[in-house]
Amino acid sequence: MKELFSLAKTDHTGYESVVLGYRLDFGRGGAYVAMALILLGVGLDYSMYPKHLVEFTIARFICCIPMFIATLLMPTQWGQSRIQFLTFTWLLWPQILIAWIISATDGAHSIYYAGLSIAIFGSGVAMPLSFWQNSLLSILTLV
């Protein structure tokens with residue numbers, strides 16, 4: 001009986017370290033991929049909405065700044081204790097950018113609507129977020 005209760009006090013630091021490493025790797029890797037895709041979107045802007053090219057390019061770079069800051073904070077002691085918050089926060093920036101681009105172009109008829117769907121899909125499949133975090137990200141995107 002004593003052994004049964006000792007299992008409840010098992011040290012889980014190894015598991016927690018592995019999960020933290022996983023979240024750190026995927027959070028940073030996902031942010032780098034997202035920043036690259038955001039900046040490569042300039043090509044789409046050039047072909048679809050050339051009159052908005054300058055403002056969209058500036059907005060794309062501005063969007064990447066807080067995302068990059070999040071990737072710099074993630075490996076710090078402060079960032080590791082808030083890894084899910086930092087990951088969730090950087091995921092919001094592309095959604096805000098895409099929503100703004102949609103509103104600045106053709107609204108619901110804009111080709112950029114697909115970007116919102118892709119970003120939600122990517123966060124749900126590739127990112128180590130909980131069900132509630134993915135649900136909140138989806139709801140905030142709809143708003």
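Quick notes on this structure:
- Taking 7 Å steps out from each Cα toward its Cβ at Phe121 and Ile139 produces label points 2.4 nm apart.
- Placing +1 on each Lys and Arg Cβ and -1 on each Asp and Glu Cβ, with no other charges, gives the chain a dipole about its Cα centre of roughly 160 debye.
- With the helix formula -39500 (n - 2.57) applied to DSSP H stretches of n ≥ 4, the chain reaches a computed 222 nm mean residue ellipticity of -26000 deg cm²/dmol.
- Rg and Dmax over the alpha-carbon atoms of the chain stand at 18.8, 74 Å.
- Cα convex hull of region 94-143, projected area averaged across orientations, nm²: 3.2 nm²
- Cα-based helix-to-principal-axis angle, 113-126 vs the chain, degrees rounded to 10: 10 degrees
- Unit charges at the beta carbon, dipole of the chain: most positive-side option, Thr76, Ala99, Met35: Thr76
- Net charge of Cβ neighbours under 13 Å - reference Tyr22; Lys, Arg +1; Asp, Glu -1: 0
- Helix 131-142 axis, angle to the chain major axis (alpha carbon atoms, nearest 10°): 20 degrees
- With the highest mean first, a sort of the peptides 87-100, 118-131 on other beta-carbon atoms found within 10 angstrom per residue produces 87-100, 118-131.
- Cα long-axis angle, helix 53-73 against the chain (0 to 90 degrees, to the nearest 10): 10 degrees
- Working from Cα pairs under 8 Å separated by at least six residues, relative contact order for the chain is 25 percent.
Throughout, read-outs are computed from the coordinates displayed, never taken from laboratory work. Values in this document were obtained by computation on a predicted structure and should not be read as measured data. Methodologically, a virtual Cβ is constructed for each residue, glycine included, from the backbone with ideal geometry; neighbour enumeration extends over all protein chains shown.
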